1. Would the stretch B:108-119 turn up any residue that is in contact with a helix residue (DSSP H, G or I) (Cβ under 7 Å, 6 or more places away or on another chain), at pLDDT 95 or above and assigned to a strand (DSSP E or B)?
2. Is it the case that the stretch B:194-204 has a residue that's in contact (Cβ under 8 Å) with a residue 60 or more places away in the chain and surrounded by fewer than 14 Cβ atoms within 10 Å (Cβ to Cβ)?
3. Quick one: which residue in B:Leu275, B:Leu250, B:Leu261 is more than 22 Å from B:Leu128 (Cβ to Cβ), in a strand (DSSP E or B) and either over 23 Å from the mean Cα position of the chain (by Cα) or touching a residue at least 12 places away in the same chain (Cβ under 8 Å) (or both)?
4. Collect the residues in the stretch B:228-246 that are free of Cβ contacts under 8 Å to residues at least 24 places away in the same chain and either open to solvent by 50 Å² or more (accessible area, probe 1.4 Å) or in a strand (DSSP E or B) (or both), keeping them in residue-number order.
5. Can you name the number of the only condition in (1) within 22 Å of B:Tyr93 (Cβ to Cβ); (2) surrounded by fewer than 18 Cβ atoms within 10 Å (Cβ to Cβ); (3) of a type in the set (A, V, I, L, M) that B:Val289 fails?
6. Being in a helix (DSSP H, G or I) and at pLDDT 90 or above narrows it down to one of A:Gly373, A:Gly397, A:Gly331, A:Gly318, so name that one.
7. A:Val150 - would you say it is β-branched (Val, Ile, Thr), open to solvent by less than 40 Å² (accessible area, probe 1.4 Å) and in a helix (DSSP H, G or I)?
8. Quick check on my filter: what residues within the stretch A:108-148 are touching a Gly at 6+ places or on another chain (Cβ under 7 Å) and under 11 Å from A:Ala43 (Cβ atoms)?
There are 2 protein chains.
Amino acid sequence: MLVLGGGFGGVGAAVNLRQADVDVTLVDRNDYHTFQPLLYQVATDLLESSAVGHPLRGLFHDHPHVTVHSGDVTGIDLDARRVTFARRDPITYDYLVIALGAQATFFGVEGAAEHAFPLYTLADAVRLRSHVLEMWEDADRDPALVDAGVLNVAVVGGGPTGVESAGALAELYRREFAKDYPGVPQDTARIVLLEAGDDLLGMFRADIRRYARKALTDRGVEVRTGEVVAKVGPDGVTLRSGEVIPTRTLVWGAGLVANPLVKTLGVDLQRGDRLPTEPDLSLAGHPEVFAVGDVAWTTVDGSDRALPQLGSVALQAGEHVAHGIARRVEGKPTEPFHYHDKGTMATIGRGAAVAQTQGGHTLKGRTAWLAWGAVHLALLSTGEDRAKAAVDWTWAGFTHERSGRISVRTDPP
Amino acid sequence: MLVLGGGFGGVGAAVNLRQADVDVTLVDRNDYHTFQPLLYQVATDLLESSAVGHPLRGLFHDHPHVTVHSGDVTGIDLDARRVTFARRDPITYDYLVIALGAQATFFGVEGAAEHAFPLYTLADAVRLRSHVLEMWEDADRDPALVDAGVLNVAVVGGGPTGVESAGALAELYRREFAKDYPGVPQDTARIVLLEAGDDLLGMFRADIRRYARKALTDRGVEVRTGEVVAKVGPDGVTLRSGEVIPTRTLVWGAGLVANPLVKTLGVDLQRGDRLPTEPDLSLAGHPEVFAVGDVAWTTVDGSDRALPQLGSVALQAGEHVAHGIARRVEGKPTEPFHYHDKGTMATIGRGAAVAQTQGGHTLKGRTAWLAWGAVHLALLSTGEDRAKAAVDWTWAGFTHERSGRISVRTDPP
């Protein structure tokens with residue numbers, strides 16, 4: 001079996017084939033698995049890269065049925081059952097799991113592709129962190145640049161990524177950078193959260209949404225709903241109203257489009273170029289091919305609504321595919337996939353988070369924050385990384401110190 | 001007071017001026033302090049960058065007399081008492097501490113500057129780590145490359161840097177990569193340690209040197225003494241004998257030359273371009289200027305032998321300069337510097353290290369290794385990083401797992 005992609009979907013599938021006596025080859029473009037829900041913490045120095053990116057090969061040390069390779073997929077031939085790679089021999093498969101993820105889409109906004117900072121990959125997070133540090137170094141060299149907006153940040157998208165990024169940036173500015181750069185006047189620095197819809201965190205209940213807005217505002221974030229970005233330049237963002245927000249840092253948490261490789265499959269794609277799946281997560285006409293995670297369009301039982309692009313959906317889908325292939329190998333039919341929604345959480349800052357279960361229970365404030373921390377710690381895959389994340393976490397939460405705010409320039413001097 | 005450089009010497013000087021009511025400006029080209037003795041551990045994935053690079057600004061959060069800036073020094077005018085920087089206004093000083101460190105020198109060996117990997121900065125360590133991972137990924141794509149030498153490493157220099165790097169690489173290969181890349185035949189991969197002199201670790205006693213050689217050989221390192229590198233190319237190293245070692249990875253632990261800026265000072269330099277100091281560590285004719293650390297040529301009391309380029313020398317020298325400036329401020333004369341040699345240690349691998357005190361006491365094996373770990377943990381500057389290093393250490397030493405062996409590509413895809 002060949003698994004393309006080492007995110008939650010791909011890893012979920014590969015790990016769970018252990019019992020099934022199936023040899024698995026997993027190929028990812030990177031040599032690590034990314035714990036995507038915490039990327040914003042890497043971008044804002046709450047966690048180090050290595051707490052969020054786990055060596056893929058290491059995840060499978062105790063799974064001899066899994067072979068991991070690094071490689072960039074260049075083509076998938078569904079008829080020949082063959083995948084080609086850059087700089088690596090092609091691989092033929094009996095079963096294929098497409099778990100190739102997505103990438104940011106900028107909805108055609110002028111200048112966004114050039115200037116915006118998406119936050120989907122670990123490289124995105126590292127890039128954003130370095131950029132923010134650079135802006136502060138610029139301000140340290142020439143404090144007059146602060147009034148020109150060099151420290152301003154605009155965050156696009158009022159979903160969890162945008163809310164968490166804006167909240168974490170505000171705390172990074174007001175707490176940590178205030179200590180690191182006592183000579184930089186940051187009073188006029190703005191962190192602006194832009195959401196096109198009526199409210200933040202649309203999937204949450206009204207009381208949660210009100211709390212989130214207040215918690216962000218209390219932390220100095222300007223929350224602007226009903227605002228659409230019209231144009232992005234190197235020094236500013238223009239809204240549809242004509243208003244210009246001077247900034248060199250536009251964080252883009254506003255939309256995903258599936259990995260462009262799926263366009264070559266000859267399949268009718270759904271919204272966001274996602275691959276429509278059968279109830280068992282296979283592709284129509286290709287019972288040996290499955291799609292899971294952000295690349296897939298899997299409808300909620302009986303509706304035309306798709307499951308959201310969340311790590312928990314991808315992980316459960318990957319596990320289900322493993323289960324389905326195991327059944328096939330035993331000569332049994334596959335079963336339809338049902339997503340078990342265990343709830344949604346988002347954190348706004350130290351001591352401030354929101355959570356909501358499918359049953360309608362909600363949590364907010366410090367309790368939600370502690371719960372959020374516990375859940376994410378529990379989710380981090382390996383004992384080692386859990387230990388390290390715990391250390392980072394403890395220090396960040398309780399001593400108000402952060403780790404590793406350094407930029408290692410590896411260009412030749 | 002102006003301190004140029006945030007290594008052991010510069011930080012030692014700045015921290016210790018706390019009591020003296022002297023305002024200190026410290027400028028480094030990076031925003032972090034590097035714990036250089038552990039760089040080889042970053043290069044071989046025993047530690048993460050952030051365990052070895054500490055945010056400089058963070059080191060001085062509780063030292064309001066110290067202001068930290070990032071900047072590249074472009075010139076020092078000793079007569080005008082003025083230092084110029086790239087992209088930053090010049091700074092004039094009453095006292096100046098030159099702690100600008102050194103860089104690798106290749107003794108004119110053809111091709112070394114282009115192809116060798118020095119190990120003096122954190123960026124060097126990160127670059128070497130990424131390169132080694134790339135070589136393994138190449139071997140994973142095409143195992144035939146192993147016989148062509150793609151996994152071979154040559155390490156130049158039988159001092160602590162070379163010994164520690166060779167030992168750690170051997171363990172990385174034989175233990176970790178064996179698990180990560182079970183399909184790569186590494187039996188023919190060579191790790192060759194090249195030393196021009198008669199023996200490794202020349203500063204240690206004979207029994208220690210014998211032990212080190214055996215411990216390295218036991219770990220699969222080819223120890224070659226009396227060998228001089230004549231030429232370096234992208235695919236191999238040519239020895240003076242004419243022998244060619246096929247390798248794409250030459251680790252250079254063989255020589256330092258002071259930061260080239262000192263050549264512009266109009267001072268007669270000593271060997272390795274180092275700045276000769278008076279007994280109180282000031283420059284002759286410039287009692288307001290001090291030089292400490294790898295950039296300085298400080299003779300041992302009454303001899304023409306210079307103190308070695310070690311972190312402990314730099315740290316003590318920085319502390320001494322702070323002490324001297326404090327005395328000057330009080331109208332007292334400075335005092336001569338005496339280095340207190342607390343001993344030298346080097347580690348060869350898990351459970352194998354050597355140590356020797358000035359009094360002639362030696363330790364080797366597991367006891368020395370544990371002592372080495374304890375000393376380095378104690379030296380790591382902040383509580384936070386100590387905690388994190390301890391976690392990394394524990395896992396590396398006792399569970400035989402390593403942390404964070406990932407390469408984050410931040411180039412746009």
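The values are calculated or read from the model by the stated rules, or taken from the named source; none is laboratory data. All values reported here derive from a predicted model rather than from experimental measurement. Every residue, glycine among them, receives a Cβ derived from its backbone with ideal geometry; neighbour counts consider all protein chains shown. When the accessible area is computed, the model is the full protein with side chains, heavy atoms only, and any ligands, DNA or RNA have been set aside. Shrake-Rupley method; radii C 1.70, N 1.55, O 1.52, S 1.80 Å.
1. Yes, the conditions are met somewhere in the stretch B:108-119.
2. Filtering the stretch B:194-204 down to residues in contact (Cβ under 8 Å) with a residue 60 or more places away in the chain leaves B:201, B:203-204.
Narrowing the set further to residues that are surrounded by fewer than 14 Cβ atoms within 10 Å (Cβ to Cβ) leaves B:203.
Yes: the stretch B:194-204 contains one or more residues that are in contact (Cβ under 8 Å) with a residue 60 or more places away in the chain and surrounded by fewer than 14 Cβ atoms within 10 Å (Cβ to Cβ).
3. Working: B:Leu250 fails: more than 22 Å from B:Leu128 (Cβ to Cβ); B:Leu261 fails: in a strand (DSSP E or B).
On inspection, the qualifying residue turns out to be B:Leu275.
4. Filtering the stretch B:228-246 for residues free of Cβ contacts under 8 Å to residues at least 24 places away in the same chain gives B:238, B:240-244.
Answer for the stretch B:228-246, where residues must be free of Cβ contacts under 8 Å to residues at least 24 places away in the same chain and either open to solvent by 50 Å² or more (accessible area, probe 1.4 Å) or in a strand (DSSP E or B) (or both): B:Thr238, B:Arg240, B:Ser241, B:Glu243, B:Val244.
5. Of the numbered conditions (1) within 22 Å of B:Tyr93 (Cβ to Cβ); (2) surrounded by fewer than 18 Cβ atoms within 10 Å (Cβ to Cβ); (3) of a type in the set (A, V, I, L, M), the odd one out for B:Val289 is (2).
6. Values: A:Gly373 fails: at pLDDT 90 or above; A:Gly397 fails: at pLDDT 90 or above; A:Gly331 fails: in a helix (DSSP H, G or I).
After applying the criteria, what remains is A:Gly318.
7. Numbers: β-branched (Val, Ile, Thr): yes; open to solvent by less than 40 Å² (accessible area, probe 1.4 Å): yes; in a helix (DSSP H, G or I): no.
In short, no.
8. Result: A:Leu119, A:Leu122.
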